[in-house]
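Scroll down for the structure; my scribbles are underneath it.
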Amino acid sequence: MTDAERLIARDDAVIAGVEKLRFFPLAVESGRGERLIEPGGRALIDLSASWTASGFGHGHEAIAAAIAHAAVDAPGASILSATHPSAVALAEQLIALVPSDLPPHARRVYLGHAGTDANDVAIRGCRHATGRPGILAFQNGYHGGLGTAQRISGVHVSAGVTADPAVAFLPYPDPYRPHTGDPATVVDDVLRLAAVELARGETAAVIVEPVQSDGGVIVPPPGLLAGLRALCDRHGAYLIVDEVKVGLGRTGRTHAFEHEGVVPDIVTLGKALGGGLPLSAAIGPAEVLDEPVASALMTTTGNPISCAAALAVLEIVRSGVATRNARERGDQLRGLLDEYVRSGRPGASRVGDVRGRGLSLGLELVADRRSAEPDAVLTAKAVYRAWQLGAVAYPVRGNVIELTPPLTISAEAIDRAAAILTAALDDAALGAVSDEEIAPFQGW
Ligand SMILES: Cc1ncc(COP(=O)(O)O)c(C=O)c1O
């Protein structure tokens, strides 16, 4: 047994299955930048960044220093019953970073632990402020893994989770899959459906991902967010843009909604915001986030160590360096993958699409390009083979490999990552991974 296998066996014996989403036998002992190190010393290129939660790389010096400093003389561990400087500074800076039509004094920030609770609190607040129960969300959307945020997530509901009683799901306009025969794959059709729903006057909020990530890395065609903005204005509903996955620079702009020039009512952030620590935020109107007082309580929210990490993260975001790198490295990776698709190599004909924005990319795998039949088994085998060859990437929506490396990744690492990924695709297409090898990994 290797050191990694021993650790995985211990994990099997003690860690709860309900929190596992595993695709191959990965154990990690340490990390630096875009590198992950397995027990035993093998280095892998991280093309997930822990689903973007390590968005600025592992062990980022400035973030690590901020955490270490904050841990030494932490002013408690909570903002429930006492305030402290880093929570207040973080909220002030988030209000400055996220655009709004409201003046600063009419805005508030909820500080939470995860995207899940930020979205939960945002939805609850919209229901309370409007007195309406309805939520308009999207099929294949992902907003959280527990509670209301889970029950309004299309991904979970289509997997059997009971939907929130007042949620309605719209199709997310998908420019890549007109062949699916979905009734609405174009923006105008989706907006027409949204208008019908909103006209009932029962909708508190529309919640939308600016790139539908876990739903298959789908960049919507232009006009979706702007159309939803106009409809929300007309019908008195709030527009919540969920930037938890792709916010803070990943798409090549600070906020992904900027690509559409809209101003949301509420923006939720998480994952990368904490620089590797658990931290999320909902930034929105005071009328949504202030009332009822003491109705969204978790003891360690606003934790000063997490807040200090986030303040270091916001400094990186404001510097623009990571955002620019997301654009440049995203173009580089996409170019290399497009080149592969044209190469005639063994796995190339199995790539249905290379898509995304910045360093949020998706590689869709199909049985063959003409039928475009999704190939989830090949996808499971390709990510398994990539892990064997030295890269970490996970599938979403069954047959799409999501590529979200740390925004700090170097050009040289992107070259290596593309070489590993394309070799893995070739090998998987040629049958290098057996059904038995992937069988223990149920993934989603
Ligand atoms: C768009 C989006 N929103 C919310 C969440 C939930 O975040 P968390 O898992 O941190 O609760 C996720 C997680 O994947 C996400 O992708």
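Values for this structure:
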quantity	calculated
Cα gyration tensor shape for region 1-129, rounded if a/c is under 1.5, else prolate or oblate	prolate
³J(HN,Hα) computed for each position of region 52-61 - Karplus, 6.51 cos²θ - 1.76 cosθ + 1.60, integer Hz, glycine/proline x	5, 5, 9, x, 10, x, 7, x, 4, 4
Solvent exposure of region 74-319 as accessible area per residue, Å², 1.4 Å probe	37 Å²
GNM result for the chain, Cα springs below 10 Å: residue of E287, E34, E412 fluctuating most strongly	E412
In sequence order, calculated HN-Hα J values of region 83-99 (Karplus, 6.51, -1.76, 1.60; Hz; x Gly/Pro)	8, 8, x, 6, 5, 5, 4, 4, 4, 4, 5, 5, 4, 6, 7, 9, x
Alpha-carbon centroid distance for the pair region 1-61 / region 259-327, whole angstrom	25 Å
Interchain or long-range residues, amide H under 5 Å from G352's placed H	E364, L365, V366
Counting all C-alpha pairs of the chain, share separated by more than 43 Å (%)	10 percent
Rounded Å value of the spacing that divides the Cα centres of region 234-255 and region 359-438	27 Å
Global geometry of region 63-105, whether rounded, prolate or oblate, following the gyration tensor of its Cα atoms and the 1.5 cut on a/c	oblate
Surface share of carbon and sulfur [accessible, 1.4 angstrom probe, percent] for region 74-319	55 percent
Among P406, P99, P39, residue whose mean-square fluctuation peaks in a GNM of the chain (springs only between Cα atoms under 10 Å)	P39
Most mobile of A256, A71, A424 in a GNM of the chain (Cα contacts under 10 Å)	A71
Cα gyration tensor category, rounded, prolate or oblate, for region 74-319 with a/c compared to 1.5	prolate
Length added when fully stretched, R345-S319, from 0.36 nm per residue minus Cα-Cα	5.3 nm
Long-range HN-HN contacts of G443 with modeled amide H, under 5 Å	R22
Debye log10 I(q)/I(0) at q = 0.12 Å⁻¹ for region 359-421, Cα point scatterers	-0.30
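The values are calculated or read from the model by the stated rules, or taken from the named source; none is laboratory data. Model, not experiment: these values are computed from the prediction. What goes into the accessible areas is simple: the full protein's heavy atoms, side chains included, and nothing from ligands, DNA or RNA. Shrake-Rupley method; radii C 1.70, N 1.55, O 1.52, S 1.80 Å.
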